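Undergrad: Quick one: the structure is below, questions incoming.
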Amino acid sequence: MQKDLGDYRKSYEKGVLSESDITKSPFDLFERWFLEMDKNFPDLETNAMTLSTIGLDGFPKGRVVLLKKYSQNGFVFFTNYNSDKSKSMISNPNVSLSFHWEGMERQVIIKGISEKISSTESDSYFDTRPKGSKLGAYVSMQSSVIKSRKELEDKLDSLSIKFENKPITRPDFWGGFIVKPVEFEFWQGRSNRLHDRIRYRINDNKNWTTERLSP
C-alpha cells in the first residue's frame, strides 16, 4: 500500500497571534481561545485533547481524552486507574496535552505534571454522570484483553439489573487526574507556513515568561 500525499495543501488564513494578544497568564489566553472555539463550532468537542504519556514499555503514546475541568490549578480528566494511561502517569507523571482546533486553525500544546485528584472531587464528578456512563465505568476494565464485544454487553445487562433501584457510587478504580502545566505553546496557523507560535514557560519564581518561536 502506498499513497503520495504531497499535494495535500491548505493555506491558513483565519487568524493571527500577535504580541498584543498575549495575556499575563497563559490560562487567560487558553480560556479566550477555548470559548471562541466553543462558540463558533458548538457541534465539535472543543474539550477533546490528546494526552501523551511515556508507557511502561518506554514508548510514547497519545490518545484523545475529554477535558472536564480547567482552572489556574490545571486541567482535569477522568479515567480508569488501572488503564495503560494511568499506569504510565503513575510511573512517569510528565505528560503533554494537545488541543487541535481545526475550525480556528489553532493548536495549544501543554507540558505538565500529572497527579490524581482527591476522592471527594472524583465522587462529585461521578455523581453528575448519566446512569449509562456510571455503569460503563464498572463494565470496562480499561486496556485489558477481552474475548468479544458480547462480554461487555452481557456485563452491562447484569449490572443494569443489579443497580436497577440502587444508587451507583464511584468504583475505587476510577477517578480523575489533574495536569499542572509548566509550559504552554499557542499555535496560530498563518499563510506561507509562517505560523505564529508563542511559548509560555514558568520560572523559578512561579511567574510566566513568554517568547516567540520560529515556525
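Taken together, the values in this text are just the output of simple stated rules run on the coordinates, not laboratory data. Note that the coordinates shown come from a computational prediction; the quantities given were computed from them, not determined experimentally. In this analysis, Cβ positions are derived from the backbone assuming ideal geometry, glycine residues included, and neighbour counts consider all displayed protein chains.
Undergrad: With charges set only on the Cβ (+1 for Lys and Arg, -1 for Asp and Glu), what does the dipole of the stretch 37-145 come to about its Cα centre, in debye to the nearest 20?
TA: Roughly 160 debye, rounded to the nearest 20.
Undergrad: Further, regarding this structure: Have a look at the stretch 69-119 and give its Rg and Dmax from the Cα atoms, expressed in angstrom.
TA: Spelled out, the Cα radius of gyration and Dmax of the stretch 69-119 are 12.7, 37 Å.
Undergrad: What's the whole-number percent of alpha carbon pairs in the chain lying beyond 25 angstrom?
TA: The calculated P(r) of the chain puts 50 percent of pairs beyond 25 Å.
Undergrad: Oh, and also: Please list, in chain and number order, the residues 5+ apart from Ser140 or on another chain whose amide H is under 5 Å from its amide H, with Hs placed from the backbone.
TA: Here nothing satisfies the definition.
Undergrad: Run the dipole for the stretch 147-215 about the Cα centre, Lys and Arg Cβ at +1, Asp and Glu Cβ at -1, nothing else charged, and hand back the magnitude in debye, nearest 20.
TA: Dipole magnitude for the stretch 147-215 comes out near 220 debye.
Undergrad: Evaluate E = 1/(1 + (r/R0)^6) for Glu183 and Asp127, where r is the Cβ-Cβ distance and R0 equals 25 Å; express this FRET efficiency to the nearest 0.05.
TA: Using R0 = 25 Å, I get an efficiency of 0.15.
Undergrad: In a GNM of the chain with a 10 Å cut-off on Cα contacts, which of Lys166, Lys61, Lys134 has the highest mean-square fluctuation?
TA: Sorting by GNM fluctuation, first place goes to Lys166.
Undergrad: Another question about this same structure. Where does the longest stretch of the chain lie that holds no GluC sites (Glu not before Pro) found in a DSSP loop with 10 or fewer other Cβ atoms within 10 Å?
TA: Result, exposed sites excluded: 14-163.
Undergrad: What is the pair-distance distribution P(r) of the stretch 17-88, computed from all Cα-Cα distances in 5 Å bins starting at 0, with each bin given as a whole percent?
TA: 3, 13, 18, 21, 17, 13, 10, 4, 1
Undergrad: What base-10 log of the normalised intensity I(q)/I(0) is obtained for the stretch 111-215 from the Debye formula, alpha carbons as equal point scatterers, at q = 0.11, 0.16, 0.17 Å⁻¹?
TA: -0.63, -0.82, -0.86
Undergrad: Something else about it: Considering all alpha-carbon pairs of the stretch 62-161, what whole percent are spaced by more than 20 angstrom?
TA: Working: 2505 of 4950 pairs.
Counting every Cα pair in the stretch 62-161, those more than 20 Å apart make up 51 percent.
Undergrad: Let me ask something else. Obtain the nm distance between the two label points defined at Lys155 and Leu194 by a simple spin-label model: each point lies 7 Å from its Cα along the Cα-to-C-beta direction.
TA: 5.5
Undergrad: State, to one decimal in nm², a quarter of the convex hull surface area for the C-alpha atoms of the stretch 120-163, i.e. the direction-averaged projected area. It would help to have the intermediate numbers written out before the result.
TA: On the way: hull surface 14.5 nm².
So the Cα hull casts an average projection of 3.6 nm².
Undergrad: Let me know the whole percent of all Cα-Cα pairs from the stretch 1-121 that are separated by more than 21 Å.
TA: 50
Undergrad: Among Asn40, Ser25, Leu51, whose Cα sits farthest toward the positive end of the charge dipole of the stretch 1-92 (+1 at Cβ of Lys/Arg, -1 at Cβ of Asp/Glu, about the Cα centre)?
TA: Farthest towards the positive pole: Leu51.
Undergrad: Might you report the magnitude of the Cβ-based charge dipole of the stretch 1-87 about its Cα centre, with Lys and Arg at +1 and Asp and Glu at -1, to the nearest 20 debye? All intermediate terms of the calculation are to be shown ahead of the outcome.
TA: Details: 13 positive and 13 negative charges, 66 e Å.
In debye, rounded to 20, the stretch 1-87 gives about 320.
Undergrad: Say we join alpha carbon atoms closer than 10 Å with springs in a Gaussian network model of the chain; which of Asn47, Asn192, Asn205 then has the biggest fluctuation?
TA: Of the options given, Asn205 has the highest mean-square fluctuation.
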